[in-house]
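All of the numbers you see were taken from the coordinates with simple rules; none came from a lab. All values derive from a computational prediction rather than experimental measurement. Positions of Cβ are generated from backbone atoms using ideal geometry, with glycine treated the same way; all protein chains shown enter the neighbour counts.
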Amino acid sequence: MDHARSGGGPAAARLKRREVVPALLHNRGDLLVVSGLGSACYDAFAAGDHPRNFYLWGAMGSAAMIGLGLALAQPEQQVLVITGDGEMLMGMGSLATIGVQQPANLTVAVLDNAHYSETGMQQSHTSAGTSLRAVAAGCGIGGAIDIHTMQEVAALRDQIHRGAGPILACIHVSPEEDPRVLPSRDGVYLKLRFREQLGFK
Amino acid sequence: MTPTPRWPSQIHDVLKSSDVRQVGYVPDAGHARLITLCQEDPHMRAVVLTTEEEGIGLVTGAWIGGQRSTLLMQSSGVGNCVNQLSLIRVCRIPLLILVTMRGEFAEFNPWQVPMGSITQQSLNLCGVTTYRAEHAEEVQELVQAAADLAFNGDLAVAVLLSQRLIGRKQWTK
């Protein structure tokens with residue numbers, strides 16, 4: 001087994017997360033975004049704050065399920081969850097739940113650096129070979145893919161806007177630390193401005 | 001043979017009139033009838049979960065997307081939700097949970113007692129208001145009151161359906 005390609009250890013990871021996220025959000029239009037706690041939030045915010053971003057600062061493991069609830073509530077809108085491998089590992093059962101529901105408008109983009117960067121760069125399970133792409137495929141998520149190049153990132157961006165989900169994209173990024181750029185931590189504010197975008201008080 | 005209790009369909013009526021559109025659940029014998037009613041309702045999306053904590057994310061996502069939802073779980077599942085409930089409190093998300101109790105009246109399985117005996121206190125510690133239904137006649141009114149409090153007040157409310165109300169689990173036929 002070619003571990004570098006399938007499991008996506010550090011050797012395979014040359015993409016930079018701060019280049020990947022702006023490419024995913026390029027010409028985002030009405031895209032609804034949920035970002036998992038830690039670096040994924042900083043990456044989403046660094047790409048430009050937006051009222052259609054819902055940043056998580058806790059509840060680790062919940063990002064994909066928030067994306068599912070949102071995708072089911074707004075079937076005409078496209079929903080992108082951006083999270084890390086550690087956050088996704090904690091909510092791995094939600095991939096099975098998404099596989100049952102088959103939401104065409106939901107993409108989960110995992111920025112897989114194979115480490116827990118928030119807590120001191122300890123290795124995660126994906127360092128040792130856990131493939132979130134394989135897990136998602138096993139859960140019936142048809143669009144389960146590994147991504148290693150910016151061309152593939154650009155293609156994913158287009159797929160998201162076509163509503164070709166459910167997708168789980170395991171994007172292999174290098175485990176380098178970027179400057180922290182911190183979005184609001186006020187959950188009520190983030191909720192209200194997000195709902196206002198969709199016409200709710 | 002005991003007649004089919006009416007309270008599950010009464011709960012379904014309350015959920016329907018409250019415009020609940022997503023129902024997250026982990027399969028449970030006490031909720032079996034209500035789960036079927038929600039699955040068969042074209043205006044509701046029944047979402048089977050692998051663990052109850054997924055439901056807290058589901059409710060949060062549904063609400064920021066403009067839909068009301070509810071969760072059906074057993075008392076053991078409440079323990080699985082504890083950290084995720086921070087979402088509800090920090091973002092002030094309306095939450096309505098219907099909990100079938102285990103570990104109390106006529107329980108035969110001691111493994112259900114530890115969580116069942118602290119379910120209400122755990123919810124209260126997490127900022128969730130609790131109502132408790134002991135008798136079938138009070139279920140509809142309590143669930144309606146909980147739904148009103150949750151959805152009109154952006155608050156978290158759980159209704160505990162007591163084990164006496166649900167009835168003894170039939171292990172042998």
- Virtual spin-label span in nm between B:Glu137 and B:Val113, 7 Å along Cα→Cβ: 3.2
- Task: Subtracting the Cα-Cα distance from 0.36 nm times the residue separation, let me have the gained length for A:Thr119 to A:Tyr189 in nm, one decimal.
- Result: 22.5 nm
- Per-pair calculated FRET efficiency, R0 = 25 Å: B:Asp19 and A:Gln102 via Cβ, rounded to 0.05: 0.55
- Message: If you take each beta carbon of peptide B:83-94 and count the beta carbons of other chains within 10 angstrom, what is the mean?
- Response: 5
- Query: Per residue of A:88-97, how many C-beta atoms from partner chains lie within 10 Å of its own C-beta, taken as a mean?
  - Reply: 4
- Average other protein chain Cβ within 10 Å of Cβ, residues A:55-66: 6
- Which of B:Val26, B:Ala133, A:Ala73, positive extreme of dipole for the protein assembly as shown (C-beta unit charges): B:Ala133
- Query: Could you state the principal axis extents of the C-alpha atoms in the stretch A:3-197, from the largest down, to the nearest angstrom?
  - Reply: 45, 35, 30
- Looking at the square roots a ≥ b ≥ c of the eigenvalues of the Cα gyration tensor of the stretch A:109-201, which shape do they give, rounded for a/c under 1.5, prolate if a/b is larger than b/c, or oblate? oblate
- Query: Which of the chymotrypsin sites (Phe, Trp or Tyr not before Pro) found in the stretch B:86-173 are in a DSSP loop and have at most 15 neighbouring Cβ atoms, other than their own, within 10 Å?
  - Reply: B:Phe105, B:Phe108, B:Trp171
- Item | Positive dipole terminus of the stretch A:3-197, leading residue within A:Gln122, A:Tyr55, A:Pro179 (C-beta point charges) | A:Tyr55
- If one computes the Cα centroid of the stretch B:45-68 and of the stretch B:96-154, what distance in Å separates the two points? 19
- Query: If you place +1 on the Cβ of every Lys and Arg and -1 on the Cβ of every Asp and Glu, how big does the dipole about the Cα centre of chain B come out, in debye to the nearest 20?
  - Reply: 240
- Of B:Val48, B:Leu142, B:Ile11, whose Cα points farthest to the positive end of the dipole of chain B (charges on the beta-carbon: +1 Lys, Arg; -1 Asp, Glu; origin at the Cα centre)? B:Val48
- Query: Got a sec? Which residues in the stretch B:119-142 would a label at B:Phe105 touch, if it sits 7 Å along Cα→Cβ and we count backbone N under 20 Å?
  - Reply: B:119-121, B:130-142
- Note on the structure: With a ≥ b ≥ c from the Cα gyration tensor eigenvalues, square-rooted, and the rule rounded for a/c under 1.5, otherwise prolate when a/b > b/c and oblate otherwise, the protein assembly as shown is prolate
- At R0 = 51 Å, FRET efficiency that the Cβ-Cβ distance of A:Glu19 and B:Ala145 yields, to 0.05: 0.45
- Going residue by residue through the stretch B:22-31, the Karplus relation 6.51 cos²θ - 1.76 cosθ + 1.60 with θ = phi - 60° gives ³J(HN,Hα) values, rounded to whole Hz and with x marking Gly or Pro, of 10, 10, x, 8, 10, x, 7, 4, x, 9
